[in-house]
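Below is one structure, written out as structure tokens; comments come after it.
FYI, it's all coordinate maths here, none of it is from the lab. On a predicted model such as this, the values are computed, not experimentally measured, just so you know. In this analysis, Cβ positions are derived from the backbone assuming ideal geometry, glycine residues included, and neighbour counts consider all displayed protein chains.
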Amino acid sequence: MSLPPFKSGSLLTMGIELELMLLDPQDYTMAPAALTLLDLMRVRQDTRFVFCPEITQGMVEFNSAVHPRWHSLRDELTGMRGFLGALAAECGILIAGGGTHALQDWKDREVFPAERYEWLGEKFGYLSKKFTIFGMHVHIGAGDAETAIALIRAVTPWVPLLIALSAASPYQEGVDTGFACSRLHSLTPFPYAGAMPDFADWGECERYINGLIELGIVGSIKDFYWDVRPKPEFGTIEFRIFDTPLSVDLAADMAGLVQVLCAAMLDSQPLTALHDSYPYNRFQACRYGLAGEMVNPYTGERQSFVDAAEALLKQLEPYARELDATAVLQRMRQRLHDDMLSDVMRNIVAEADGDLKRLLAWQAQCFGAGEILLPGTTKVAAASPV
């Protein structure tokens, strides 16, 4: 089955997919409760919010509506949080964000009984269960197919910086991985992961994908795990690099930042990269978060992620004003000077003498409260609405 036609639509609209973990409140293990939770939603017949299963039963995915601005997305996410929290309480479970479950063992995961997920289980074996990770996918309206390809090319150099800003997955299988974002490395073994090839135009992209479909190597665009990929049936480009934010306010901020970045890139002159620094920059972001560095692919200049982010946020200011997102940039700028979320998570574990259950309890508390709570004192500034 070949790619569908690219759906023409509005530029710079936004929507998100949010993968959330289901926790047992007794021991904070993953609760295989997706079927129960989704069945309860069907019984309620509440059509305000759209949820669907994910590959294993300890997670569900929320799909937002299409929004023109970040604040209407935040309003929907706030309503969703209350709705989901009440249903989860009826099911005897908790909901949490974050990119990984610190204690989960892939051998214990149960694949959700749906045709695609069972097919993935057969195709990828144990990797399909290790795919129980949690991300936020941000969709931005591209207008048309050619704009989508040009926009992906323009935003790609900044993707590692977005990874560094959102990194919140330092633990896997009971171990501190040493990475700020370990989630993305769970995708590395899959075919067609990482950066999308630098296609000249939509026609080249379409021929590439359709050729692999015809060979039976892939079934659809879903089998490409590129960091940013076109989504022709939606008329969007899809950013797949964010760890699930710990609060819905932070999720709205991250999506708002992506929208502003895309607006700026649409208005910029196309540049030709002189250096293939993307793999290095992506590794730095995953390994060190904002404490890492990046090499500018156009100039070869080496700078810290913090310095690169300060310069980028300054560049984005006029576009943020047009999109009513100045507050988003203010909070992102503050994040550059706060402790990284991965470090906050490590501090919580250290203060609990290595008890990872304390970390998972905190993650659930943050989602329930709608804000990132620093233990005992204040909030992470970037999570609080203005």
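The label-point distance for Asp324 and Leu212, in a model that sets each label 7 Å from Cα toward Cβ, rounds to 3.9 nm.
Hand me the chymotrypsin sites (Phe, Trp or Tyr not before Pro) from segment 298-372 located in a DSSP loop with no more than 13 other Cβ atoms within 10 Å, in residue order please.
Tyr298
Peptides 156-167, 139-150, 68-79 ranked from most to least packed give 156-167, 139-150, 68-79, packing being the mean of other C-beta atoms within 10 angstrom over each peptide's residues. Largest GNM mean-square fluctuation across Val306, Val138, Val349, computed for the chain with C-alpha springs under 10 Å, falls on Val349. When only Cα pairs below 8 angstrom with a gap of at least 6 residues are kept, segment 11-383 shows a relative contact order of 21 percent.
Output needed: percent of Cα pairs per 10 Å distance bin for the chain, bins running from 0 to the one holding the longest distance. Taking all Cα pairs of the chain, the binned fractions are 5, 24, 35, 27, 9, 1 percent. With R₀ fixed at 51 Å, the C-beta to C-beta distance from Asp276 to Ala86 puts the FRET efficiency at about 0.55.
Computed over the chain, the per-residue total of -39500 (n - 2.57) for DSSP H runs of n ≥ 4 gives a 222 nm mean residue ellipticity of -13500 deg cm²/dmol, rounded to 500. Taking the chain as a Gaussian network of alpha-carbon nodes connected by springs under 10 Å, the highest mean-square fluctuation of the residues Ala361, Ala255, Ala350 belongs to Ala350. Of all aspartates and glutamates in the structure, the ones whose alpha carbon falls short of 12 Å from that of Lys222, not counting any fewer than 8 places away in one chain, are Glu233, Glu238.
If you run the Gaussian network model on the chain, springs between alpha carbon atoms under 10 Å, then out of Val344, Val258, Val248 the most flexible one is Val344. In this structure, Ser220 and Glu351 have a Cβ-Cβ separation that, at R0 = 51 Å, corresponds to a calculated FRET efficiency of about 0.65.
Applying the Karplus relation 6.51 cos²θ - 1.76 cosθ + 1.60 with θ = phi - 60° to segment 351-358 yields 3J(HN,Hα) values of 5, 9, 6, x, 7, 6, 5, 4 Hz, where x marks Gly and Pro.
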